[in-house]
Amino acid sequence: MNNKIKLAVAGAVLSAASVANAGIIIPAGDWTIDINGNVNAFANFTDSDKVKGTLTAANGALASGEDLDKEGRNQGINTGLLPAWLGFTGTTRQNDVDVSFTISMQPGVSDNGVTGDGATGDSSVTNTFLSRQAFVTFGDKSWGTIKLGKDLGIFASQAILNDMTLLGVGSGANTSGGALNTTNGGIGTGYIYAAWKGQISYTTPNMNGFQATIGITNPNQNFGMANNAATADSKLYQDRFGVEAQAIYSWAGDVSGKVWVGGASYDVTGDTNNDSDYTAFDSADVDSYTASVWDIGANINTGNLGLTAYYYNGDGVGTTFMGNLGVQSTGGKFKKRDSDGGYLQATYVIPTGTKLGLAYGVSKLDEASGETDADLIEQNDRWTVGAYHPLTKHLNLVAEYNKIESEGQSSAHQMESDTFSLGAILFF
């Protein structure tokens, strides 16, 4: 099974729900081919309160609002936080070098279009077929590993891989199957999405449990949006490679676990008056800034009990997705917003083998200096109660309850929703 699926199994399942330790292994000459992945689907029942004030998803809210008929209840059959996954990994050792490649694809299990394939004539309703991995690695346990290609980002990767909602739904049950392939899990309610990025990275050898990774990531041509109540949003662009790093120390024993720290930095440029197509370009409106963020986390397991704690703090990186609402544009200048958040999670395996979990996560966003925007998001928080039962070695049944609350910079702007989900996830 490729390394990211292994991490998902080891981190999110936390060794409770039994799954395969490898995919379908096929010897092929000098190579060993591993075909691996998952299929999951959930029936979601969401009950949303009436929106208070003018808070919207565009301003950063993650809680659901009423639908077009002003009804607070909606249902869907959707993929969870993990999309359905089919991956191919090949490994070999040549000239004293371990070499591997991974290519994967991620279809969704549902589509809100009438034909079921996104062909509705409504460009806002498309179920995206994802291609999240295409990378090569080479190295040796004596000197480390180099990776080139597209894979999960380095920064915040441990936050998502240790989130129990990786096997379930989390927030965003009402969006999966529409414009998005998956739900949000704990993204935006405890951590910023690591995302899938073109990268070149180096990982050190494992030195008695300590291992570090540093890399450069592709400069995204859309680094989120700047929000300003007085003007249109401004598109933002990275103008150098992103730099991301992470260090992990792990240990085994009766009390096992790991602790990690990470950080990232990006240089960003944009036109403060939203002249992104340059039809009314004025160089005086162009401004640049550096977005930076760091995090720290721990996962500890003893007996049937598992505990996870995580915290991040950023400057100009925004909330939910990297760069989203990270700055305000005014007077030809960008003003950075501070953000922070984290989550606490506890799980326990009962005699039936079922893992029960309770988690609380929150992501906060501060206004920029001198900014007054009452309906800009101030915080999204999430309570999750979950049960993850290993019906077979490969198949896990999942029941999850998620309560999502969004609050603007003024308490007069609020949204709230409750989602109950039932489904299953199969690893192979």
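Comparison of Val19, Val9 shows that the only residue that is in a loop (DSSP other than H, G, I, E, B) and modelled with pLDDT under 75 is Val19. Being at pLDDT 95 or above, more than 30 Å from Leu356 (Cα to Cα) and either out of contact with any strand residue (DSSP E or B) (no Cβ under 7 Å at 6 or more places or on another chain) or aliphatic (A, V, I, L, M) (or both) is a condition met by at least one residue of the stretch 192-200.
Residue-by-condition table, conditions (1) acidic (Asp, Glu); (2) within 20 Å of Val169 (Cα to Cα):
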| residue | (1), (2) |
| --- | --- |
| Leu344 | no, yes |
| Asp375 | yes, no |
| Asn380 | no, yes |
| Pro390 | no, yes |
| Glu405 | yes, yes |
| Leu426 | no, yes |
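Being acidic (Asp, Glu) and in contact with a Leu (Cβ under 9 Å, 6 or more places away or on another chain) is the filter here, so list the residues in the stretch 406-428 that pass it.
Answer for the stretch 406-428, where residues must be acidic (Asp, Glu) and in contact with a Leu (Cβ under 9 Å, 6 or more places away or on another chain): just Glu407.
Of the listed requirements (1) hydroxyl-bearing (Ser, Thr, Tyr); (2) modelled with pLDDT of 75 or more; (3) in a loop (DSSP other than H, G, I, E, B), Tyr249 misses just one: (3). Just for the stretch 97-109: of the residues that are touching a Ser or Thr at 6+ places or on another chain (Cβ under 9 Å), of a type outside the set (Gly, Ala, Ser) and farther than 14 Å from Asn40 by Cα, which one is surrounded by the most Cβ atoms within 10 Å (Cβ to Cβ)? Only one residue tops the list, namely Thr102.
When Asn174, Asn181, Asn162 are checked against the criterion of being touching a Phe, Trp or Tyr at 6+ places or on another chain (Cβ under 9 Å), surrounded by 19 or more Cβ atoms within 10 Å (Cβ to Cβ), modelled with pLDDT under 95 and under 29 Å from Pro390 (Cβ atoms), Asn181 stands alone in meeting it.
For the stretch 325-335, check the following and say yes or no: at least one residue is more than 26 Å from Lys403 (Cβ to Cβ), of a type in the set (S, T, N, Q) and crowded, with 23+ Cβ neighbours inside 10 Å. For the stretch 325-335, residues more than 26 Å from Lys403 (Cβ to Cβ), of a type in the set (S, T, N, Q) and crowded, with 23+ Cβ neighbours inside 10 Å: present.
Suppose the filter is assigned to a strand (DSSP E or B) and either at pLDDT 90 or above or out of contact with any Ser or Thr (no Cβ under 8 Å at 6 or more places or on another chain) (or both); does Leu86 pass it? Considered against the rule, which asks whether it is assigned to a strand (DSSP E or B) and either at pLDDT 90 or above or out of contact with any Ser or Thr (no Cβ under 8 Å at 6 or more places or on another chain) (or both), Leu86 comes out as yes.
Quick one: in the stretch 379-403, which of the residues that are of a type in the set (Val, Ile, Thr) and modelled with pLDDT of 95 or more is farthest from Ala346 (Cα to Cα)? Can you show your working first?
Just the residues of the stretch 379-403 that are of a type in the set (Val, Ile, Thr), to begin with: 384-385, 392, 398.
With the extra rule that they be modelled with pLDDT of 95 or more, the set shrinks to 384-385, 398.
On the way: Thr384: 11, Val385: 10, Val398: 16 Å.
Here the residue is Val398.
Taken together, Thr352, Thr290, Thr308 contain a single residue that is assigned to a strand (DSSP E or B), in contact (Cβ under 8 Å) with a residue 24 or more places away in the chain, within 30 Å of Leu395 (Cα to Cα) and β-branched (Val, Ile, Thr), which is Thr308.
Scan the stretch 386-416 for residues that are of a type in the set (Ser, Thr, Tyr) and either under 10 Å from Ala63 (Cβ atoms) or assigned to a strand (DSSP E or B) (or both) and jot them down. If you could, list the steps in order and put the result at the bottom.
Of the stretch 386-416, the ones of a type in the set (Ser, Thr, Tyr) are 388, 392, 401, 406, 410-411.
Scanning the stretch 386-416 gives Tyr388, Tyr401, Ser406.
Checking the stated criteria, Gly408 turns out not to satisfy the condition of being more than 23 Å from Gly65 (Cα to Cα) and in contact (Cβ under 8 Å) with a residue 24 or more places away in the chain. The residues of the stretch 343-378 that are within 17 Å of the chain's Cα centre (by Cα) and either at pLDDT below 95 or among the aliphatic types (A, V, I, L, M) (or both), listed by number, are Leu344, Ala359, Val362.
The values are calculated or read from the model by the stated rules, or taken from the named source; none is laboratory data. None of these values were measured; they are calculated from a predicted model. Cβ: placed from backbone, ideal geometry, glycine included. Neighbour counts: every protein chain shown.
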